[in-house]
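Below: one structure, written as structure tokens.
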Amino acid sequence: MTQEDKKTELLFKKLPFLLKDMEDKEWIIDSFPFRYKGEQYIVILTRYRENERKPRKYAKAKVEFVSSNNTNNSIMGHIDFFNVHFDSVKEFCDFFGVERGNANRDLFIDFSRIFSNYIPEEKVIDKSDIEKKLIGSRAEGNNPNAIYCYDVRRNGRKEDGSPNRRSIENSNKAQSLRPKLYERYCSDANLSFFFSDKQEDERSDIEIMRVFTNRKTK
């Protein structure tokens, strides 16, 4: 292998396979465990949506590192096939507990080499409860607190009369947070799942199904 080949060789060799598998399985978001400096994290990896603005031309996905001990504590970045990129060295060091005196220009590269060992080759659907909740809270990218499902509704029709289709983000959210309810209605792409950030709005699967059936018969 020439020196030039080494420069262009992918560091994240599994990432293209993961992104392709996510696309084939119709998932925009995934999660996997990551260990760094003796601490455990959950990585939330999100594919860019069509026409979504990217921070760099060759960015392939957004990544969020979430502390397993405190899921309210996280840091955002993005990833290409060679490195993980963060907004600043200070933010990175503060989050991961790295002494800034040891930080040098290769800091993110060293981090990326370690990270490369944790990237899976395929999207695994079955997750731990904490990962399901994290995926569900971030899938639609709007309100992370809106995790309480309260309804299933039709999306109406387009101007040409064809039915509007449920978004992949809404499907991923429902499948993560309410898998049995999703399984019941997923075959009808005109239906979407509605979530609230208020726990008191949440309904059980049976309640939602009853409301949906009553609405349909009126």
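The values are calculated or read from the model by the stated rules, or taken from the named source; none is laboratory data. None of the values given here were measured: they were computed from a predicted structure. When we count neighbours, we look across all protein chains shown, and the Cβ atoms used for this are built from the backbone with ideal geometry, even at glycine. Ligands, DNA and RNA are excluded from the accessible area calculation, which covers all protein heavy atoms including side chains. Shrake-Rupley method; radii C 1.70, N 1.55, O 1.52, S 1.80 Å.
The table that follows gives values for the structure above.
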item	result
Residue identified as modelled with pLDDT of 95 or more, surrounded by 11 or more Cβ atoms within 10 Å (Cβ to Cβ) and among the basic types (Lys, Arg) among 100, 35	35
Failed item in (1) touching a residue at least 60 places away in the same chain (Cβ under 8 Å); (2) open to solvent by 80 Å² or more (accessible area, probe 1.4 Å); (3) of a type outside the set (Val, Ile, Thr), with residue 117 passing the rest	(1)
Output for segment 56-97, where each listed residue is aliphatic (A, V, I, L, M), over 15 Å from residue 41 (Cβ atoms) and open to solvent by 50 Å² or more (accessible area, probe 1.4 Å)	89
Test set (1) in a loop (DSSP other than H, G, I, E, B); (2) open to solvent by 20 Å² or more (accessible area, probe 1.4 Å); (3) over 28 Å from residue 186 (Cα atoms) - residue 51 fails condition number	(3)
The listed residue being open to solvent by less than 50 Å² (accessible area, probe 1.4 Å) and farther than 17 Å from residue 31 by Cα, out of 184, 166, 154, 203	166
Pairs where the first residue, in segment 122-138, is touching a residue at least 60 places away in the same chain (Cβ under 8 Å) and the second is among the β-branched types (Val, Ile, Thr) and in a helix (DSSP H, G or I), C-beta under 7 Å, 6+ apart	127/135
Residue among 64, 50, 99, 121 that is under 17 Å from residue 32 (Cα atoms), acidic (Asp, Glu) and out of contact with any strand residue (DSSP E or B) (no Cβ under 9 Å at 6 or more places or on another chain)	121
Single unsatisfied condition, residue 215 versus (1) in a helix (DSSP H, G or I); (2) open to solvent by 60 Å² or more (accessible area, probe 1.4 Å); (3) closer than 18 Å to residue 27 by Cα	(3)
Residue match in segment 84-94 (condition: touching a residue at least 40 places away in the same chain (Cβ under 8 Å) and β-branched (Val, Ile, Thr))	no
Among (1) closer than 21 Å to residue 132 by Cβ; (2) in a helix (DSSP H, G or I); (3) more than 15 Å from the chain's Cα centre (by Cα), the one test that residue 72 misses	(2)
Within segment 187-200, considering residues that are in contact (Cβ under 8 Å) with a residue 40 or more places away in the chain, open to solvent by 50 Å² or more (accessible area, probe 1.4 Å) and of a type outside the set (Asp, Glu), the one nearest to residue 23 (Cα to Cα)	194
Any hit, segment 141-150, residues being open to solvent by 60 Å² or more (accessible area, probe 1.4 Å), at pLDDT below 95, out of contact with any Asp or Glu (no Cβ under 7 Å at 6 or more places or on another chain) and polar (S, T, N, Q)	yes
Pair list, Cβ < 8 Å and 6+ apart or interchain, from segment 52-71 residues that are under 19 Å from residue 29 (Cβ atoms) and among the hydrophobic types (A, V, I, L, M, F, W, C) to residues that are open to solvent by less than 60 Å² (accessible area, probe 1.4 Å) and part of a loop (DSSP other than H, G, I, E, B)	59/48; 59/80; 61/48
Residues (at pLDDT 95 or above and of a type in the set (Asp, Glu)) located in segment 105-122	121, 122
